[in-house]
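A short write-up of the structure that comes next.
The values are calculated or read from the model by the stated rules, or taken from the named source; none is laboratory data. The shown structure was predicted, so the numbers you read here are calculated from the model rather than taken from an experiment. When we count neighbours, we look across all protein chains shown, and the Cβ atoms used for this are built from the backbone with ideal geometry, even at glycine. Only protein heavy atoms, including side chains, enter the accessible area calculation; ligands, DNA and RNA are left aside. Shrake-Rupley method; radii C 1.70, N 1.55, O 1.52, S 1.80 Å.
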Amino acid sequence: MDKRPIGVFDSGLGGLSAVKAMLKYLPNEDIVYFGDTGRVPYGTRSEKTIELYAKEDIAFLEKFGCKLIMAACGTVSSVAKNAIADVKEPFVEVVTPASKAAVKATRNNKIGVMGTSATINSGSYVKAIKALNPEIAVSGVSCPMLVSLVENDWIDSDDKIAVEIIKRYIAPLIENEVDTIILGCTHFPHLAPIISKVAGDNVTLIDTGYEAVMEAKAILKKNELLNDPSHNGEASYYISDKTQNFSDIAHTLLGMDISDRANFVDLNNFKPV
Ligand code: DGL
């Protein structure tokens, strides 16, 4: 049994999709979440900047003595290879587990990937899927505006603007007849009802946050790192900028109020108590 917390980070609030799954499927675990709300989005930035931000985010979580660190961020998982390679703790990224799930789910061997520009340009999902099955055709679309929709809480399934943006983004995937779409950015599962409505019932959506949590659970179990089953896991939240509507958005994304557990941090001057 291991009482140390799990550290989860993202460029902003999108990674709360992984936290939501973690609260459900790893209920005995303590979680420290870091959302880099002061520097979101990452997906339109250069590789050098994404590497640097990822290194700082990981260093912040390491201060809590985490037993496992998760990059609940498709962009970091796809681009920040050096930052990831340096992590000493067990580490989970989102590309590999989501690709495995998509390869399992596809019936016609046509998979679509929605991601940030950095993620799609990196070709990370194409490489991961082709390594599992070279016969599968993979089409990717960069959907940078979807990150802003989520960070601004425009995620209601009746939101006409969100529906139109998503229609335009996924038209090439529908044209390529994909039967499975990887929501390759952790912000996108929050838009899943709209994406599903636009893509149709026959298309399976893969939630990167959920798949990463399943991977984390398997690693913790295998290495006997799970917490005491009688412990009620607690989550604490850290953000690098207390944006005006942070609490409301976090409430919508997680389905609970976390304003009393959310702390503003200056990444460079922080010591956990
Ligand atoms: N949620 C992140 C991802 O999975 C990042 C979005 C962004 O910051 O551009 O890619």
Of those in segment 123-144 that are open to solvent by 30 Å² or more (accessible area, probe 1.4 Å) and under 16 Å from residue 73 (Cα atoms), the residue farthest from the ligand (Cβ to nearest atom) is 142
In segment 202-256, what residues are assigned to a helix (DSSP H, G or I), open to solvent by 70 Å² or more (accessible area, probe 1.4 Å) and touching a Pro at 6+ places or on another chain (Cβ under 9 Å)? 210
Somewhere in segment 147-163, is a residue open to solvent by 30 Å² or more (accessible area, probe 1.4 Å), in contact (Cβ under 8 Å) with a residue 12 or more places away in the chain and in contact with a strand residue (DSSP E or B) (Cβ under 7 Å, 6 or more places away or on another chain)? no
Kindly state which helices (runs of 4 or more DSSP H) lie completely within segment 45-90 and contain at least 3 residues that are within 14 Å of the ligand (Cβ to nearest atom). 47-62, 74-79
Which one of 228, 257, 201 is more than 16 Å from the ligand (Cβ to nearest atom), over 15 Å from residue 22 (Cα atoms) and modelled with pLDDT under 90? 257
If you check residue 99 against the conditions, is it within 16 Å of the ligand (Cβ to nearest atom) and open to solvent by 20 Å² or more (accessible area, probe 1.4 Å)? no
Count - residues of segment 1-44 that are part of a strand (DSSP E or B) and acidic (Asp, Glu): 1
Return the pair list, or none, for Cβ contacts closer than 8 Å from residues in segment 29-54 that are on the phi < 0 side of the Ramachandran plot to residues that are near the ligand (Cβ under 9 Å from one of its atoms) and of a type in the set (Phe, Trp, Tyr), at least 6 apart or on different chains. 36/42; 49/42; 50/42; 53/42
Right, residue 104: part of a helix (DSSP H, G or I), more than 16 Å from the ligand (Cβ to nearest atom), among the charged types (D, E, K, R) and touching an Asp or Glu at 6+ places or on another chain (Cβ under 8 Å) or not? no
Considering only helices (runs of 4 or more DSSP H) fully contained in segment 111-192, which possess at least 3 residues that are of a type outside the set (A, V, I, L, M), at pLDDT 95 or above and more than 27 Å from residue 8 (Cβ to Cβ)? 160-175
Examine segment 177-194 for a residue that is open to solvent by less than 40 Å² (accessible area, probe 1.4 Å), away from the ligand (no atom under 16 Å from the Cβ) and farther than 24 Å from residue 96 by Cβ, and state whether such a residue exists. yes
Members of segment 257-273 found to be open to solvent by 70 Å² or more (accessible area, probe 1.4 Å) and assigned to a strand (DSSP E or B), listed by number: 264
